[in-house]
Each structure stands twice: as structure tokens, then as C-alpha cells.
Amino acid sequence: MIPLCSPKQALLPTALALGSFDGLHAGHRRVIERITRNTPGIPTVVSFWPHPREVLYGEARLRLDLPSEKTSLLEPLGVEQLVLIPFDKSLAALTPDKFVNQILLETLQAKHIAVGANFRFGKNREGDVFTLEKIGATAGIKVSVVPILEDNEGRMSSSRIRSALNKGELKTAQKLMGRAYRFRGSVVSGRGIGRGIGWPTANLQVDGRKFLPGQGVYAAWAWKPNKDNAFSAVMNLGPQPTVDPTAPSAVEVHLLDKDLDLTGQELIVEPVQKLRSQKQFTNLVELSAQIGRDAKLAKTILESIENHLGTG
């Protein structure tokens, strides 16, 4: 797997694609493609961590792809390293010229820089692609500016992917990303209520910085990292309105026709189709009956999908 490193740990010199690349949609891949073909320097993706808006405005910015997930997605694209620039207020205060010269040219020894046409950088976002091209020309560095990619629905963007996931539209999200949406979590002990009503669940603790789909009940695949056999499952994402309306949102996965104790292990989950929104039932008997219907529908949906292979 390609290394995830700080600027001072990076292999030099670099040919770098600069941006957040969250979701790695087709527009992102076009930018990255520019630095992986016949270019001097080690093909490198450079992003900021944490997100600039978190530091500057205190906004929580959940990621479609966490850095640890992104390395495995970048490697097949020909990228050899992912460099995360620590974003803080001192970095935010750098003028566009100082940012490019100090970080990209001196520290990362960039020989080629690729960005999307809407890229902004430097203090107060004063720098744009024309600024970057001017600095690059002065330094004798090649700068590639890649036009924004559009389809019939408009501009390709991470925001569109988030919107689709929030609505539970997994097929739309998959089309935009060019791959299935997935997340992973550690299985932690729950209260055993699901097992008590005949539907044992794996309760997942997911990294709080990961963007999750909208609340609801889903048909899903689940598997252990580095294992090829995916289990069919039904997943509940959100609070527990019948069991405990005051409980925080949770991720619960019931493996269909399997009863495995996965506590302490990791599980990768790929939601496939939203079955329904959450609903409060009168009692646990009604809830159990509905889970039975959900499980039956999920099984039908998943059995209709052939040749699915889960990979971690």
C-alpha cells in the first residue's frame, strides 16, 4: 500500500496533484491522471488535514474517504504517495506566493503541479489557478489546470455524492464515484436487545470523521478486512426509536443466516439499497416482526446481485 506521510517524510522530488479529492470522482481522477503519465517527479497526491474550514470556521467536515482509506484507492491510479499537509492558522496566513514557494517548491520539490480549475489557496483564498500558473512560470515549474467535469446533472462534485448518500440513493453515489460506497468500524458490545428479540446485531463504532448515509434501514454486504467472502446483511443506521428514543445514533448490522461473535473485530460494510426510513413501533414484538420483513426483503435484493466480491 502506498505511504501516507507528512511533507517532511515525502519522497522527493514530486509531481503533485493538489486538492481534497474527497470521493475521488471522475473529475478528481482527471486531475490525478496529469501527474502519473510521463512526468518528472514521484506521482503524489497532496491534501490538507484537517479540512481548512474546520480550522478557520469551526465547521465539522465529514469525509467520504478517510486518509487511511484513500491510500488504497489512489494506488491503482498510479499514485505513489499521499501527503497530508497539517492545516493550521499559521499555514492559512501564508500568502499564495509563500505557500507555493515554501510548501510546494522548497519542501516537496514539485516539478509538476496539477489542480482543478476552481482551486483556491493562500491567505483569504486569494490565490487561484492564474496565480499558480504565474508562480509556476517564474519558477520554471509545469502547472496543469484541469477543466471542471460535468455530466447531464451538472458539475461533478463531492457535494453531489454527499447529497445522494444523505437521501439513501446508493446507486447514484456509486455512479458518481465510479465505485461502491463503503465504511468500516470496530464491533463493540451492545445491550443485547437485538439478540433478545431474535435478531443479533454487530454494533459498529465508526470513525466520527467518516460521512455516513442518511438514517434508515438498508440491505448491505459486510465482510472482515482482507477476506473475500461477503455476508449478506440488513443494517440499521440511526437512533433506536422503539428501544430507546434518547439513545444516540448507531450502526447495527445483522448478518443474514449467520450468528457470529465479531466483538473486537473490524467489519467493512457496503450499503446496497435503502429499504425504509426509521419508525417507532408500539412494542418489541412489532419491531421484531418488521425486522423479519426487512431481512426477507434484503435477502431477495442481495441474492439478485451476482458476482459480488467484497474486498477490504
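Remind me, relative contact order of segment 1-89 in percent, using alpha carbon pairs under 8 angstrom and six or more residues apart?
Relative contact order, segment 1-89: 46 percent.
Given 0.36 nm per residue, what is the gain on full extension from Ile148 to Lys175 after removing their alpha carbon distance, in nm?
The Ile148-Lys175 span can extend by a further 8.0 nm.
Explain nothing, just the number: relative contact order of the chain, from Cα pairs under 8 Å at least 6 residues apart, as a whole percent. Spell out each step's value before the answer.
Numbers: 617 pairs, mean separation 50.8, N = 312.
Relative contact order here is 16 percent.
With an 8 Å cut-off on Cα pairs and a minimum separation of 6 or more residues, tell me the relative contact order of segment 182-303 in percent.
Reported relative contact order: 34 percent.
What do you get for Rg/Rh over segment 1-89 if you use C-alpha atoms and the Kirkwood form of Rh?
Checking Rg against Rh, the ratio lands at 0.96.
Can you flag which of Lys224/Lys279; Lys111/Lys175; Lys274/Lys299 are past 24 Å Cα-Cα?
Values: Lys224/Lys279 30 Å; Lys111/Lys175 34 Å; Lys274/Lys299 13 Å.
Over 24 Å apart, Cα to Cα: Lys224/Lys279; Lys111/Lys175.
As a test of understanding, state the convex hull volume per residue of the chain from its alpha carbons, in Å³.
Numbers: hull volume 45.4 nm³, N = 312.
Output value, Cα hull per residue: 146 Å³.
How big is segment 4-149 on each of its three principal axes, counting only the C-alpha atoms and giving the largest first in Å?
40, 35, 32
Most exposed first by the Cβ proxy, i.e. fewest other Cβ within 10 Å, how do Phe130, Phe231 rank?
Going from least to most buried by this count: Phe130, Phe231.
Using Cβ contacts closer than 10 Å as the measure, can you line up Val234, Val31, Val188 from fewest to most?
Final ranking by Cβ density, sparse to dense: Val188, Val31, Val234.
Over the Cα atoms of segment 182-303, what radius of gyration and what Dmax do you get, in Å?
In Å, with Rg to one decimal and Dmax whole: 13.3, 41.
Counting other beta carbons within 10 Å of each Cβ, put Ile161, Ile85 in order, fewest first.
Ile85, Ile161
Give the aspartates and glutamates whose C-alpha is closer than 12 Å to that of Lys171, dropping any in the same chain fewer than 8 places away, or say none.
Output for Lys171: Glu270.
Search the structure for amide H atoms under 5 Å from the amide H of His112, placed 1.01 Å from N in the peptide plane, and list their residues when 5 or more places away or on another chain.
HN-HN under 5 Å from His112: Leu16.
Readers should treat all values here as calculations from the given coordinates under stated rules, not as data from a laboratory. Being a predicted model, the structure only gives us computed values, none of them experimental. Don't worry about glycine lacking a Cβ; one is built from the backbone with ideal geometry, like all the others, and counts go over all protein chains shown.
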